[in-house]
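Single-structure report; data block below.
The values are calculated or read from the model by the stated rules, or taken from the named source; none is laboratory data. On a predicted model such as this, the values are computed, not experimentally measured, just so you know. So basically every Cβ, Gly included, is an ideal-geometry build from the backbone, and we count neighbours across all protein chains shown.
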Amino acid sequence: MQSEEAENEFESRLDGLVAAIEAEDKPAILDWIRSEHFTLVSLSNDEESLSAMILETEEFPALVAFLSSEHAEQFVDSISDQIEGEEVDLFEVEGEDLLAPLSSEFGLLINPESDDAVMIEPKLLQSGDAVDEDDDEA
């Protein structure tokens with residue numbers, strides 16, 4: 001378990017993100033993500049592939065990310081009955097590396113199944129100067 005001091009520091013980190021989401025402040029959201037390190041979960045029954053877990057919401061698919069390996073492990077434990085037989089790997093990424101391959105269709109779900117869960121919609125993850133190639137093809 002995390003100490004009270006560590007939990008307070010964690011909550012204050014999230015407060016800035018939540019405020020930026022409420023204000024729909026894309027630059028602040030992207031800066032916050034770039035400044036963080038994330039733990040991702042990979043599920044597979046094929047040892048050669050490693051891809052991050054995606055959760056389908058009603059509105060859009062979302063990349064599942066955690067702000068600590070402890071949060072990721074708690075999540076994996078909470079869904080263990082749903083992932084029987086799957087190989088589970090946790091891996092760390094920098095915020096910049098998390099954003100780079102993220103398609104414009106995807107949101108970001110941070111710390112699911114916790115009191116600190118935060119969802120970021122796809123529109124808030126796109127920088128203003130990015131050209132959306134998917135729209136060009138439609």
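Here are the numbers for this structure:
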item: Only listed residue being surrounded by 17 or more Cβ atoms within 10 Å (Cβ to Cβ), modelled with pLDDT of 90 or more and farther than 21 Å from GLY16 by Cα, chosen from PHE91, PHE106, PHE60; result: PHE106
item: Within the range 71-88, tally of residues that are surrounded by 14 or more Cβ atoms within 10 Å (Cβ to Cβ) and in a helix (DSSP H, G or I); result: 6
